[in-house]
Every structure is written in structure tokens, then in C-alpha cells.
Amino acid sequence: MNLSILYRGPLASCNYGCEYCPFAKHQESAAEHAADGVALNRFLEWLETRTTDRLSIFFTPWGEALIRKRYQAAMVRLSHLPQIAKVAIQTNLSGPLGWIDRAERSRLGIWATYHPGETSRSRFLGKCRELDRRSVRYSVGVVGLKEHLAEIEALRHALPAHVYLWVNAYKRQPDYYSQAELEFLETIDPLFPLNNQYHNSFGRACRAGHSVISVDGTGTMRRCHFIPEPIGNLYQSDFAAGLRERPCPNATCGCHIGYVHLDELKLYDVFGTGVLERVPEIQPFRAEGKTL
Ligand code: SF4
Ligand code: SF4
């Protein structure tokens, strides 16, 4: 079996306080942390039993997980399993990175998001240098708020040329960007126009539910993070019966972690083995940048 699993356990807290984020204010109790640890360990133990599969794991927490030792240890532990092709995680990159030295780095993928206002550019870039020094594959991204455009441009110029900088479009407000801003953002991220839309997905073929699934802390499987209907439970012996191709029931798909699996967009041709951590395999994705 060749399967990518997007894992999202009970953890729902963050050390940052981004205004637009619901997890910024939540503090977990010791009992909640313990429950998250139990769920995570169950997932790891299940993965360890799947010795004849080829699995790619992507931690997509509601909040920040990589500041927690249990998630650092999980990255290390999974990276050494031969059945794990990739273990990737979404992170604000604020935590310590020394754990990487204990991991099989060729299997790691980091989806790092820079949040201006929560950390300084120089501090974030220092973390990127630590990843480069350890030869870890990573992408960097920013939410494309208008007040962050100058910071995005500065970040592009400061990042090494080989690092893909993605920009997530701010889509809550229709027609948010001017034409000049759209053109500018495309010079930063050539794939920005693809992100700045909701893709018609109803009835369309998508890998989600077949070769890619979302799993929560109880093992409940869903096609993706955007379709609440369960399709099985990972911890039951017949879980594979839930994996099959079926058309998307949603009208649109607007997040990269969803639409990247839509067949017709052919984004696996762009991202290749970097599809989970959002690192394109084909060039050019290093834009020169342009001043507004
Ligand atoms: S870093 Fe991410 S999870 Fe944390 S508050 Fe900001 S947006 Fe939310
Ligand atoms: S197109 Fe998006 S919403 Fe539909 S199944 Fe795929 S990932 Fe899920």
C-alpha cells in the first residue's frame, strides 16, 4: 500500500498569538497534553506495524506541535522506519531544531510559515539557516496580507535562492488585491495565482480518500481536512476498504493541502516528492522579486 496520511491529533494550541487564528489563545491542560501524547503514540505504533507499506506522513496540527518534545521525537522515530518515505510537519519554526541531528534527514520535510509580528525576520532566517546547515528539505510561506508585502519582499531577497517561498492568498475579502499587488505576488511566488482562487472540485477526481487521507487522534479516517464524513478507522483491520477513488462532493477546494491532490491540476508533476512539504521539484520557482 502506498498511502499519504495527514495526521491531526487533539493538540490545539500555539505559542504564537496571530490575530486571525483561533488556536492562539488556547492553553492546554496537562490532561489534554497527555491525551494528545497517547493518541500520537498510538499512531506511531500503528505505523511501526506497517512494514510492507510505503507511507508518507504529514503532521498538520491545529496549532504548533514542533515545540513539543513528543512531536520532535515522533519525527525522529518515523524518519528511521524503512516504510516511511517522508515525514513532514507544518510549523512556525520557533522551536529548537537539535532533534534533527538524531533523525534520518533525507526523509524529513518541513513546511515553515513565517508570521511577521510574532517573530523577527532575522530570527526566522536564523532557523532557516539551521535547516540548511542540516540539509533538510523545507519550504517557507507567508500569508499574503497587504501589510506584510514589504516584509515578504525582504524575506524573498534574504532567503537562499533554492528555497521556495510560497504566499497564501488572503481570500476572506473578495477582490482584496490590486492588479499591481497581484503581479508583485506572482513575482515572489509563481504559483500564487493558483492559490488565489477556489478551485471547482465538485465531481472532480482527487487523490484524497484513495492514496491520501486525513486521520485524527482516534484513528478516524476522512478523505481530507475539508470533508467531515468519515471513511473508516485506521486502527480497524478493514481500514483499507475505505480507500477508493470517488469524486469530490465539495463545490470548491481552496487550500493548498487540498487542491494539490486534485488530479486535473497536475500538481504532483510540479511538486514530485516534495508534495507534502510544498517544495516544488521543478524550477524556476525562485522569483527575482519586484518592488511595488
Ligand atoms: S503560528 Fe499558526 S497556529 Fe500559531 S497562532 Fe499563528 S497561525 Fe495560529
Ligand atoms: S478536491 Fe479538496 S475538498 Fe475535494 S476531496 Fe480533494 S482535497 Fe478534499
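Within the stretch 57-81, count every residue that is surrounded by fewer than 22 Cβ atoms within 10 Å (Cβ to Cβ) and modelled with pLDDT of 95 or more. Steps first, answer last, please.
Applying the first criterion (surrounded by fewer than 22 Cβ atoms within 10 Å (Cβ to Cβ)) to the stretch 57-81 yields 60, 62-63, 67-70, 72-73, 76-77, 79-81.
Going one step further and asking which of them are modelled with pLDDT of 95 or more, we end up with 60, 67-70, 72-73, 76-77, 79-81.
Here the count works out to 12.
Suppose we keep only residues that are without any contact (Cβ under 8 Å) to a residue 40 or more places away in the chain and among the hydroxyl-bearing types (Ser, Thr, Tyr) within the stretch 193-251. Which one would you say is farthest from Lys146 (Cα to Cα)?
Ser237
If a residue must be of a type in the set (A, V, I, L, M, F, W, C) and in contact (Cβ under 8 Å) with a residue 60 or more places away in the chain, how many such residues does the stretch 166-192 contain?
Number of matching residues: 5.
For the structure I just gave you, tell me whether Ala73 is closer than 21 Å to Gly217 by Cβ, of a type outside the set (S, T, N, Q) and touching a residue at least 40 places away in the same chain (Cβ under 8 Å). Break it down into steps so the answer makes sense when it comes.
Values: closer than 21 Å to Gly217 by Cβ: yes; of a type outside the set (S, T, N, Q): yes; touching a residue at least 40 places away in the same chain (Cβ under 8 Å): no.
No; evaluated as a whole, the condition is false for this residue.
Working only within the stretch 190-220, note down all residues that are within 25 Å of Ala180 (Cβ to Cβ) and of a type outside the set (S, T, N, Q). Full working, then the answer.
Let us first name the residues in the stretch 190-220 that are within 25 Å of Ala180 (Cβ to Cβ), namely 190-199.
Once the filter is applied, which keeps residues that are within 25 Å of Ala180 (Cβ to Cβ) and of a type outside the set (S, T, N, Q), the stretch 190-220 yields Pro190, Leu191, Phe192, Pro193, Leu194, Tyr198, His199.
What helices (runs of 4 or more DSSP H) lie completely within the stretch 105-202 and have 1 or more residues being charged (D, E, K, R), open to solvent by 10 Å² or more (accessible area, probe 1.4 Å) and farther than 23 Å from Leu276 by Cβ?
Working: elements: 121-133, 149-158, 179-188, 192-195.
Ranges flagged: 121-133, 149-158, 179-188.
State all residues of the stretch 159-211 that are within 16 Å of ligand 1 (Cβ to nearest atom) and under 17 Å from Gly141 (Cα atoms); if no residue qualifies, say none. Quick ask: steps written out before the conclusion?
Of the stretch 159-211, the ones within 16 Å of ligand 1 (Cβ to nearest atom) are 166-172.
Of everything in the stretch 159-211, those that are within 16 Å of ligand 1 (Cβ to nearest atom) and under 17 Å from Gly141 (Cα atoms) turn out to be Trp166, Val167, Asn168, Ala169, Tyr170, Lys171.
Please tell me if Glu277 is at pLDDT 95 or above and under 20 Å from Ala161 (Cβ atoms). Even if it seems obvious, please write down each step before you answer.
On the way: at pLDDT 95 or above: yes; under 20 Å from Ala161 (Cβ atoms): yes.
Spelling it out, Glu277 is indeed at pLDDT 95 or above and under 20 Å from Ala161 (Cβ atoms).
Any chance you could count how many residues in the stretch 115-149 are in contact with a Cys (Cβ under 9 Å, 6 or more places away or on another chain) and at negative phi?
5
Of all the residues that make up the stretch 222-237, how many are open to solvent by less than 20 Å² (accessible area, probe 1.4 Å) and more than 13 Å from ligand 2 (Cβ to nearest atom)?
Within the stretch 222-237, the first condition is being open to solvent by less than 20 Å² (accessible area, probe 1.4 Å), and the residues that meet it are 223, 227, 234.
Restricting the remaining residues to those that are more than 13 Å from ligand 2 (Cβ to nearest atom) gives 234.
Qualifying residue count, the stretch 222-237: 1.
Out of the residues in the stretch 16-36 meeting the condition of being surrounded by fewer than 13 Cβ atoms within 10 Å (Cβ to Cβ) and modelled with pLDDT of 90 or more, tell me which one is nearest to ligand 1 (Cβ to nearest atom).
Initially, the stretch 16-36 is screened for residues surrounded by fewer than 13 Cβ atoms within 10 Å (Cβ to Cβ), giving 17, 19-20, 22, 25, 27, 29-31, 34.
This time we only want the ones that are modelled with pLDDT of 90 or more, so: 29-31, 34.
Values: Ser29: 18, Ala30: 20, Ala31: 21, Ala34: 21 Å.
The extreme case among them is Ser29.
Results for (1) under 16 Å from the mean Cα position of the chain (by Cα); (2) at pLDDT below 95; (3) of a type outside the set (Asp, Glu), shown as yes or no for each residue.
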residue	(1), (2), (3)
Cys224	yes, no, yes
Ile227	no, no, yes
Pro230	no, no, yes
Leu234	no, no, yes
Leu243	no, no, yes
Pro249	no, no, yes
Thr252	no, no, yes
Ile257	yes, no, yes
Asp263	no, no, no
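Yes/no per residue for (1) within 16 Å of ligand 1 (Cβ to nearest atom); (2) more than 16 Å from Phe43 (Cα to Cα):
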site	(1), (2)
Gln72	no, no
Gln90	yes, yes
Pro96	no, yes
Trp99	no, yes
Ala103	no, yes
Arg107	no, yes
Trp111	yes, yes
Tyr114	yes, yes
Phe124	yes, yes
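Looking only at residues in the stretch 111-130 that are free of Cβ contacts under 8 Å to residues at least 40 places away in the same chain and of a type in the set (Ser, Thr, Tyr), which one is nearest to Leu145 (Cα to Cα)?
Out of the qualifying residues, it is Thr113.
Search the stretch 252-263 for residues that are without any contact (Cβ under 8 Å) to a residue 40 or more places away in the chain and pair each with any residue that is more than 8 Å from ligand 2 (Cβ to nearest atom) and aromatic (Phe, Trp, Tyr) when their beta-carbon atoms are under 7 Å apart and the residues are at least 6 apart or on different chains.
Final answer for the pair search is Val260/Phe271.
Of the residues that make up the stretch 200-207, is at least one more than 21 Å from the chain's Cα centre (by Cα), of a type in the set (Phe, Trp, Tyr) and farther than 29 Å from Gly37 by Cα?
Our first condition is that a residue be more than 21 Å from the chain's Cα centre (by Cα); within the stretch 200-207, this holds for 200, 202-205.
Cutting the leftovers down to of a type in the set (Phe, Trp, Tyr) gives us 202.
Filter once more, so that each one left must be farther than 29 Å from Gly37 by Cα: 202.
Scanning the stretch 200-207, I find at least one residue that is more than 21 Å from the chain's Cα centre (by Cα), of a type in the set (Phe, Trp, Tyr) and farther than 29 Å from Gly37 by Cα, so the answer is yes.
The values are calculated or read from the model by the stated rules, or taken from the named source; none is laboratory data. Quick caveat, the model's predicted, so the values are computed rather than measured. For neighbour counting, all protein chains shown are included, and Cβ atoms are generated from backbone atoms with ideal geometry for every residue, glycine included. Keep in mind that these areas ignore ligands, DNA and RNA; they rest on the heavy atoms of the full protein, side chains included. Shrake-Rupley method; radii C 1.70, N 1.55, O 1.52, S 1.80 Å.
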